[in-house]
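Working notes, beginning with the structure itself.
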Amino acid sequence: VLLLCGSLTRAEVLSPQCVIDLEGAQHTLFGGDARATAMVFLGTQCPISNRAIPTLNELAKSHASDGADFFIVVSDPTITRKDVLAYRNEYKIAAPILFDASGELARELKPTHTPNAFVLNSTGAIRYRGRIDDTYAALGKVNQSAHTHDLAHAINAVLAGKPVANETTDPVGCPFENTNLKSADSKVTYTRDIAPIVNANC
């Protein structure tokens with residue numbers, strides 16, 4: 001289960017958050033040392049998501065030490081942490097995985113499909129949302145190779161402190177569903193109590 005220290009804002013700018021990944025490692029989102037944070041929502045049963053994993057692994061590895069944090073988000077209350085671990089091992093996912101079964105990140109970022117990519121700057125402002133690339137022109141219409149690498153370009157632009165040329169694209173994939181999505185005014189609960197942190201550091 002994804003554990004969040006603190007609460008996310010409802011605007012297009014997210015507050016610094018401490019999150020715990022599938023391995024139990026802590027990460028600070030939008031407020032630590034990273035100048036860019038990329039998060040990609042995947043569906044474990046979505047063929048388009050799974051086909052994108054090699055590309056995402058390459059991106060995660062290429063940004064391992066240049067000031068960009070890269071996360072995979074699985075937001076599905078119908079599966080368990082054990083299922084997500086098996087999924088990671090089967091597809092050899094290289095990036096840290098945030099298991100958002102409660103839907104907290106999904107409620108704030110509002111993915112519509114899997115895969116759906118987001119890039120935020122160091123202040124938590126969303127600078128890009130949409131597809132990974134144009135491998136899929138549409139459902140059932142696959143290009144032999146990607147011509148437009150939207151997510152990679154967005155990460156590079158944010159790292160350079162430049163505007164993202166194409167801030168929004170249409171993701172192609174499986175419809176996103178999470179029955180645990182909460183309204184903005186609902187009480188947030190977790191699997192165990194965790195004290196909120198008052199600064200941006202885990």
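The values are calculated or read from the model by the stated rules, or taken from the named source; none is laboratory data. Because the structure is predicted, anything quoted here is derived from the model rather than measured. Methodologically, a virtual Cβ is constructed for each residue, glycine included, from the backbone with ideal geometry; neighbour enumeration extends over all protein chains shown. Please note that ligands, DNA and RNA were not included when accessible areas were found on the heavy atoms of the full protein model with its side chains. Shrake-Rupley method; radii C 1.70, N 1.55, O 1.52, S 1.80 Å.
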Residue check: is ALA146 more than 27 Å from THR28 (Cβ to Cβ) and in contact (Cβ under 8 Å) with a residue 40 or more places away in the chain?
yes
Test GLU90 against the criterion of being open to solvent by 50 Å² or more (accessible area, probe 1.4 Å) and either at positive phi or at pLDDT below 95 (or both), and give yes or no.
no
Those residues of segment 26-49 which are open to solvent by 40 Å² or more (accessible area, probe 1.4 Å) and more than 16 Å from the chain's Cα centre (by Cα) amount to ASP33, GLN45, PRO47
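If the requirement is being under 16 Å from GLN17 (Cβ atoms) and in contact with an Asp or Glu (Cβ under 9 Å, 6 or more places away or on another chain), which of these qualifies: ASP100, ASP83, ASP76? Give the derivation first.
Working: ASP83 fails: under 16 Å from GLN17 (Cβ atoms); ASP76 fails: under 16 Å from GLN17 (Cβ atoms).
On inspection, the qualifying residue turns out to be ASP100.
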Could you say which residue among PRO77, PRO115, PRO54 is surrounded by 15 or more Cβ atoms within 10 Å (Cβ to Cβ), at pLDDT 95 or above and at negative phi?
PRO115
Scan segment 138-151 and tell me whether some residue there is more than 27 Å from SER102 (Cβ to Cβ), at pLDDT 70 or above and buried (at least 18 other Cβ atoms within 10 Å of the Cβ).
yes
Only one residue in ALA86, ALA94, ALA52, ALA60 is under 15 Å from the mean Cα position of the chain (by Cα), farther than 20 Å from VAL172 by Cα and part of a helix (DSSP H, G or I). Which one?
ALA60
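Within segment 19-40, identify whether any single residue is among the polar types (S, T, N, Q), at pLDDT 80 or above and closer than 22 Å to THR114 by Cα, and answer yes or no.
First, pick out the residues of segment 19-40 that are among the polar types (S, T, N, Q): 26, 28, 37.
With the extra rule that they be at pLDDT 80 or above, the set shrinks to 26, 28, 37.
From the residues that got through so far, the ones that are closer than 22 Å to THR114 by Cα too are 37.
Looking for residues that are among the polar types (S, T, N, Q), at pLDDT 80 or above and closer than 22 Å to THR114 by Cα, one finds at least one in segment 19-40, hence yes.
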